[in-house]
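One structure is given here, and the rest of the page talks about it.
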Amino acid sequence: VALCEPEEAPPARSRPRVLEPRFNWTLFWQFLRPHLLVLGAAVVLALGAALVNVQIPLLLGQLVEIVAKYTRDHVGSFLKESRSLSTHLLLLYGLQGLLTFGYLVLLSRIGERMAVDLRRALFCNLLRQDIEFFDAKKTGQLVSRLTTDVQEFKSSFKLVISQGLRSCTQVAGCLVSLSMLSTRLTLLLMVATPALMGVGTLMGSALRKLSRQCQEQVARATGVADEALGNVRTVRAFAMEQREEERYGAELEGSRCKAEELGRGIALFQGLSNIAFNCMVLGTLFVGGSLVAGQQLTGGDLMSFLVASQTVQRSMANLSILFGQVVRGLSAGARVFEYMTLSPGIPLSGGCSLPRERLRGSIAFHNVSFSYPCRPGFPVLRDFSLTLPPGKIVALVGQSGGGKTTVASLLERFYDPTAGMVTLDGQDLRTLDPSWLRGQVIGFISQEPVLFGTTIMENIRFGKVDASDEEVYAAAREANAHEFIISFPEGYNTIVGEFRHGAPHGPGGPRGLGRGGAGTRSWPQGIPDRDCGLRGQRRLSGDRVHAGWFRHKPAAGKGA
Ligand code: ADP
């Protein structure tokens, strides 16, 4: 039933549904290998706990036998006779608890460490992908692979080892004890339990389907709210509040209907399974009772049988839930591993670099043709040639969508040209080391500046991590940002970025909000707190952008 709760599963919206990748067992093995020893210990402890669980019903039966004897005869000392059995049981309970504690601790250790390794490896490989990869993928989907999918995979892994191993051992062990207690009762149980499980599984899968629909509907409603709140200025400007309320209301209504349907389904499932399990107990008591009456079974054995059969049923119910979890875990794992093995077309590093003293900074585009990989039939540049002489400021002017940013992207080697080539001092960019080119030669200032959630100081230092404070101040002065930065109470140590609250107001009031130049792009949503000092960063970047799309400054290296 837990699988049917809508809150349990991750939002459907973040799930790519098309073309599920295959699970990469080889890669999984590589991540598992460092933990094999601990895993072995966990498996041994889990098996131990399961075997102890199999023992418990048998001892309980023996205890009930003693109780029954004293109920009949009332001779001798009950305490004395039951003492050793009770002590044995207490020891087993203690051992069972200890083993459970042990394997859960070990599994959690393996799971958490593997999750960190997976996240680190995936993040590292994602960051290395081509820009064309990011053009085609939504950030939300990528982040969901790092978070939800790793989480789901980790939980499934832990569950399979803990519950799976335990349930299988318990089912096998208890079935052996059951058949030793009474073959007839065991046969009855083996017919009834799978039949009930079959019905339960069918109902369960129908409920899971309903639950998925429910999640999708909730995600649709969230999407509407997200869109309206994220674009509140547009909504306000067009006076569309009422329509957005209606859209959100309609989606909410849809999700209420689905959730209620799911609730009824879960209630039916719970009610029926309660009836089924109670009937199983009654049936066992009834058939077992007649065996006891015919002296074919003792009362204690019947008690053992009841407890052991409950263990079997619980374990089988666990296994059926686990099966769904395994399927989801494998597909989550497959999604995690998919991007771990992907290699980029343009590697981050590798290739030659020009010695600093020979670097002049002459850039040329030779008959470059280019279309974006995600729009192959749509040429953006056709037979384009351009020479940028060293030490000169060059501005590319043209209509929006004309390809100016594309030229800058080709120079940064975000993409390679479809035909022709771009050269730096006569060297084809494709032969040069991309990280040297980007890190040391080209200073790139985007028209859509982004702030990281740290201090202004660290944000300015982003392009040159070893820049001294003085260099940061100099860069800020050059961009006319120094004055307003120091006007904040915490100056350069003011925290900016997504998670900032209560930021100080910069000078200049709302004036600073605009880009102050021609251009169609709005400021990115990534910049928060529209009325606070962040606009300083906009001005800083804006000034640079107006000065030119990019500057190449071979001698100085990449500035702060
Ligand atoms: P400009 O900077 O001159 O406004 P761009 O270089 O941004 O022009 O865009 C040139 C053309 O390339 C436009 O038609 C634009 O839609 C398209 N384009 C820009 N970036 C991408 C991208 N990442 N993927 C696909 N097409 C793009």
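The values are calculated or read from the model by the stated rules, or taken from the named source; none is laboratory data. Just so it is clear, the structure is predicted and the values come from calculations on it, not from any experiment. Here the Cβ is made from the backbone with ideal geometry for all residues, glycine too, and neighbour counts use every protein chain on show. Keep in mind that these areas ignore ligands, DNA and RNA; they rest on the heavy atoms of the full protein, side chains included. Shrake-Rupley method; radii C 1.70, N 1.55, O 1.52, S 1.80 Å.
Of note:
- Prolate/oblate/rounded call for the range 162-307, Cα gyration tensor, a/c under 1.5 rounded: prolate
- Per-residue Karplus couplings for the range 130-144, computed as 6.51 cos²θ - 1.76 cosθ + 1.60 with θ equal to phi - 60°, are listed in order as 5, 4, 4, 4, 6, 4, 8, 10, 7, 4, x, 5, 5, 5, 5 Hz, Gly and Pro entered as x.
- Amide H contacts for V380 (H built 1.01 Å from N in the peptide plane; partners 5 or more residues away or on another chain; cut-off under 5 Å): F370, S371, Y372.
- Relative contact order of the chain, pairs being alpha-carbon contacts under 8 Å that are 6 or more residues apart, as %: 18
- Taking every protein chain into account, the 1.4 Å probe leaves F414 with about 50 Å² of accessible area, to the nearest ten.
- Between E227 and K137, the FRET efficiency from the beta-carbon distance, with R0 = 25 Å, is close to 0.80.
- Look at the dipole of the chain built from charges on Cβ: of V44, G204, N318, the Cα furthest out on the positive end belongs to V44.
- Placing unit charges on the Cβ atoms only, positive for Lys and Arg and negative for Asp and Glu, gives the range 117-232 a dipole magnitude near 460 debye about its Cα centre.
- Carbon-plus-sulfur accessible fraction, the range 200-303 (probe radius 1.4 Å, protein heavy atoms only): 61%.
- Values of log10 I(q)/I(0), in the order q = 0.06, 0.09, 0.12 Å⁻¹, for the chain under a Debye, Cα-only, solvent-free model: -0.52, -0.90, -1.28
- Relative contact order (%) - the range 64-182, alpha-carbon pairs under 8 angstrom, separation at least six: 30
- Rolling a 1.4 angstrom probe over the protein heavy atoms with all chains in place gives the chain an accessible area of 54 Å² per residue.
- Estimated D of the range 102-159 in µm² per second, where Rh is the Kirkwood radius over Cα pairs and Stokes-Einstein applies at 10 °C, 1.306 mPa s: 127
- Placing +1 on the Cβ of every Lys and Arg and -1 on the Cβ of every Asp and Glu, with nothing else charged, gives the range 261-369 a dipole about its Cα centre of roughly 600 debye.
- In the range 366-507, Cα pairs under 8 Å separated by at least six residues give a relative contact order of 18 percent.
- The range 357-371 and the range 223-286: distance between their alpha carbon centers, rounded to Å: 57
- Among beta bridges that DSSP assigns inside the chain, antiparallel share in %, nearest 5: 95
- Cross-link table K137/K209; K138/K209; K138/K392; K137/K392, entries beyond 32 Å C-alpha to C-alpha: K138/K392; K137/K392
- Stokes-Einstein D in µm²/s, Kirkwood radius over Cα pairs - the range 51-208 at 10 °C with 1.306 mPa s viscosity: 77
- Of V336, V143, the order by accessible heavy-atom surface (1.4 Å probe, DNA, RNA and ligands excluded), from most exposed downward, is V143, V336.
- The distance from the alpha carbon centre of the range 317-332 to that of the range 150-203 is 14 Å, rounded to a whole number.
- Farthest towards the positive end of the charge dipole of the chain, among the residues T26, M421, F305, is the Cα of M421, using unit charges on the Cβ of Lys, Arg, Asp and Glu.
- Total charge dipole magnitude, the range 382-458, about the Cα centre, Cβ charges on Lys, Arg, Asp, Glu only, Debye to nearest 20: 180
- Amide H to amide H, with H built 1.01 Å from N, D433 comes under 5 Å of C352, S353, counting only residues 5 or more places away or on other chains.
- Karplus-derived HN-Hα couplings along the range 370-385 (A = 6.51, B = -1.76, C = 1.60, θ = phi - 60°), whole Hz, x at Gly and Pro: 7, 10, 5, x, 7, 9, x, x, 10, x, 8, 10, 10, 6, 8, 10
- Rg to Rh, two decimals, where the range 257-413 supplies the alpha carbon set and Rh follows Kirkwood: 1.48
- For the range 20-34 and the range 409-446, distance of Cα centres in Å: 36
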